[in-house]
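J.: Below is one structure. I have some questions about it.
The values are calculated or read from the model by the stated rules, or taken from the named source; none is laboratory data. Everything numeric here is computed off the predicted structure, so don't read it as measured data. Using ideal geometry, Cβ is built from the backbone for each residue, glycine included, and neighbour counts are taken over all protein chains shown. Remember, those area values only see protein heavy atoms, side chains included, never the ligands or the DNA or RNA. Shrake-Rupley method; radii C 1.70, N 1.55, O 1.52, S 1.80 Å.
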Amino acid sequence: MKKFLFIFILSLIGICSANAQVLTFRSQAYCQKTINSYGSWSSWSNWESCNVPITINLNNDQVIIYSKRTQYYQIYNYSNSYYDSGAECVDYNFYDQDGDRGIMTLVIKPNGQSEIYIRFADIQWAYIVIRT
């Protein structure tokens, strides 16, 4: 009986650990910036309200942002987490559905606010998100 209970608890821990690898968020606002005609970055646009579900599935290395045009990102490299101005950050290198490479950064601030930044060579956008 003890052996069965031990195996059951190990199985339960394994199932819970696997489920913990899928992070779900809901965006509250987004903004963007682009490369201008002089080759430098524009300022960030004003934050615009939005309500978009975002899933980061670390089990299959995919990120899906369910905006007007669904954005699919296939992660091919993770960096270690680091701290920037007190916020914990993790970078993900990815390919999008068109084959373009970019970098996504998940930022978790000390006040609990989270942000997701998506950077390509010519455009960047950011989402303020809450964990769901």
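J.: Just give me the residues in region 32-51 being of a type in the set (Phe, Trp, Tyr) and more than 13 Å from Trp125 (Cα to Cα), in sequence order.
T.: Narrowing region 32-51 to residues of a type in the set (Phe, Trp, Tyr): 38, 41, 44, 47.
Answer for region 32-51, where residues must be of a type in the set (Phe, Trp, Tyr) and more than 13 Å from Trp125 (Cα to Cα): just Tyr38.
J.: Yes or no: region 102-113 includes at least one residue that is of a type in the set (S, T, N, Q), more than 18 Å from Arg26 (Cβ to Cβ), free of Cβ contacts under 8 Å to residues at least 40 places away in the same chain and surrounded by 15 or more Cβ atoms within 10 Å (Cβ to Cβ).
T.: Yes; the residues of region 102-113 include at least one that is of a type in the set (S, T, N, Q), more than 18 Å from Arg26 (Cβ to Cβ), free of Cβ contacts under 8 Å to residues at least 40 places away in the same chain and surrounded by 15 or more Cβ atoms within 10 Å (Cβ to Cβ).
J.: Are there strands (runs of 3 or more DSSP E) fully within region 33-83 with at least 2 residues that are of a type in the set (Ser, Thr, Tyr)? List them. Lay out the reasoning, then the answer.
T.: Working: elements: 53-57, 62-65, 71-78.
Because the criterion is at least 2 residues that are of a type in the set (Ser, Thr, Tyr), the strands (runs of 3 or more DSSP E) in region 33-83 that meet it are 71-78.
J.: Let me ask something else about it. What single numbered condition from (1) within 14 Å of the chain's Cα centre (by Cα); (2) closer than 28 Å to Ser40 by Cα; (3) modelled with pLDDT under 90; (4) not aliphatic (A, V, I, L, M) fails to hold for Ser114?
T.: Of (1) within 14 Å of the chain's Cα centre (by Cα); (2) closer than 28 Å to Ser40 by Cα; (3) modelled with pLDDT under 90; (4) not aliphatic (A, V, I, L, M), only one is false for Ser114: (3).
J.: Could you count how many residues in region 40-90 are among the polar types (S, T, N, Q), in contact with a Cys (Cβ under 8 Å, 6 or more places away or on another chain) and open to solvent by 90 Å² or more (accessible area, probe 1.4 Å)?
T.: Going residue by residue through region 40-90, those that are among the polar types (S, T, N, Q) are 40, 42-43, 45-46, 49, 51, 55, 57, 59-60, 62, 67, 70-71, 74, 77, 79-81, 85.
Still in the running and in contact with a Cys (Cβ under 8 Å, 6 or more places away or on another chain): 45-46, 67, 81.
From the residues that got through so far, the ones that are open to solvent by 90 Å² or more (accessible area, probe 1.4 Å) too are 46.
Qualifying residue count for the region: 1.
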